[in-house]
Every structure is written in C-alpha cells, then in structure tokens.
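The values are calculated or read from the model by the stated rules, or taken from the named source; none is laboratory data. The shown structure was predicted, so the numbers you read here are calculated from the model rather than taken from an experiment. Every residue, glycine among them, receives a Cβ derived from its backbone with ideal geometry; neighbour counts consider all protein chains shown. Keep in mind that these areas ignore ligands, DNA and RNA; they rest on the heavy atoms of the full protein, side chains included. Shrake-Rupley method; radii C 1.70, N 1.55, O 1.52, S 1.80 Å.
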Amino acid sequence: MVPDGTAPTDGSQPRTAAETVVRWPVGDSGDIDLAVQHADGSAYDLTDCALTLVCRRHMADETPACAYEATIDPTPEGGDAPGTATVAVDGEDTETMTAGATYWFDVLLTDASDALWHVFPASKWIPEMTIARAGEPAAPAP
C-alpha cells in the first residue's frame, strides 16, 4: 500500500502486498517481520504509527483468534526512516487454533493523524500439526 495516500499517476490503484499463505505450527511462538514501503521502494517512516496484525477464524467473526501490535524498529539498517516492524506471535494463541483450518489475517497501519491503511490484504493463516512436541525427551542415541 502507498501509506502516504498518493495514487499512481496512471490512474491505477495504490500497491498492496500480494495475498499470501502463512503456515504456522500449532502452539508455536515466533516473529513475523514486516517492511512498509512507498511505491518507489523507499522505506515508509513508521514513526508515530501503529501496525496491528489481526487473525480471525472467519472474516466476519467479532472476536479475533489473535491480535498483535507490532514493535516498530527505531534504528533500521542503513539509517533510512524506520520502515520495519516485528510482530511477536504467542504460542498460547496458536495452541487454540484448529490444525488444518483456514483462518484469515491482515495488517492495519494507523498513522499519527489516525488515518487507517491496510498494508497487507486479507490472507490465509493455516495452523499445522507438527510431529515433535515441546517437552518431549531427546531421542535415544543409536
């Protein structure tokens, strides 16, 4: 998305990230790194902005399966404006998700003037079962 609200001069819509599928092991914690850019590829300054990732079982659900406020990186590489953020996913939230089901998520940017931008379109989040389980003993030596 072009978060500054500018539209391309050819009349086309501003860019958004392509829909994607996130496959996440049930019960796992982890980080999702996000980068927000202008149409020309330069970093969007996230100073005084908030990024929120929301995941729902069905798009129309009132209560999200999980929702996270991203942590904005105040010192990005190369000295550019801060255009990166990290979402820390909690394993307790993913533990309650149904393996193999399709959930939906998107990312909302709120800028300093309270303008809202969906910088990541509604995309699939699919919880997956894993073979190894936390707390299992190490495999015996051969």
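Could you tell me whether the stretch 95-111 includes any residue that is of a type in the set (A, V, I, L, M) and either in contact with a Gly (Cβ under 6 Å, 6 or more places away or on another chain) or farther than 16 Å from VAL21 by Cα (or both)? Working first, answer last.
In the first step, residues of the stretch 95-111 are kept if they are of a type in the set (A, V, I, L, M); the result is 97, 99, 101, 107-109.
Add one more test, that the residue is either in contact with a Gly (Cβ under 6 Å, 6 or more places away or on another chain) or farther than 16 Å from VAL21 by Cα (or both), and what stays is 108-109.
Checked the stretch 95-111: at least one residue is of a type in the set (A, V, I, L, M) and either in contact with a Gly (Cβ under 6 Å, 6 or more places away or on another chain) or farther than 16 Å from VAL21 by Cα (or both).
In this structure, is ALA50 modelled with pLDDT of 90 or more, open to solvent by 50 Å² or more (accessible area, probe 1.4 Å) and aliphatic (A, V, I, L, M)?
On the way: modelled with pLDDT of 90 or more: yes; open to solvent by 50 Å² or more (accessible area, probe 1.4 Å): no; aliphatic (A, V, I, L, M): yes.
No: the conditions fail for ALA50.
Only one of THR102, THR98 is open to solvent by 60 Å² or more (accessible area, probe 1.4 Å) and in contact with a Lys or Arg (Cβ under 9 Å, 6 or more places away or on another chain); which? If you could, list the steps in order and put the result at the bottom.
Numbers: THR102 fails: open to solvent by 60 Å² or more (accessible area, probe 1.4 Å).
So the residue among THR102, THR98 that is open to solvent by 60 Å² or more (accessible area, probe 1.4 Å) and in contact with a Lys or Arg (Cβ under 9 Å, 6 or more places away or on another chain) is THR98.
Give me the residue from the stretch 53-66 that is of a type outside the set (Lys, Arg) and outside any loop (DSSP other than H, G, I, E, B) and, out of that set, surrounded by the fewest Cβ atoms within 10 Å (Cβ to Cβ).
VAL54
Identify, please: which residue in the stretch 26-44 is surrounded by 16 or more Cβ atoms within 10 Å (Cβ to Cβ) and touching a helix residue (DSSP H, G or I) at 6+ places or on another chain (Cβ under 9 Å) and is, among those, farthest from GLU92 (Cα to Cα)?
ALA43
Answer yes or no: is there a residue in the stretch 69-80 that is modelled with pLDDT of 95 or more and not in a loop (DSSP other than H, G, I, E, B).
Looking through the stretch 69-80, at least one residue is modelled with pLDDT of 95 or more and not in a loop (DSSP other than H, G, I, E, B).
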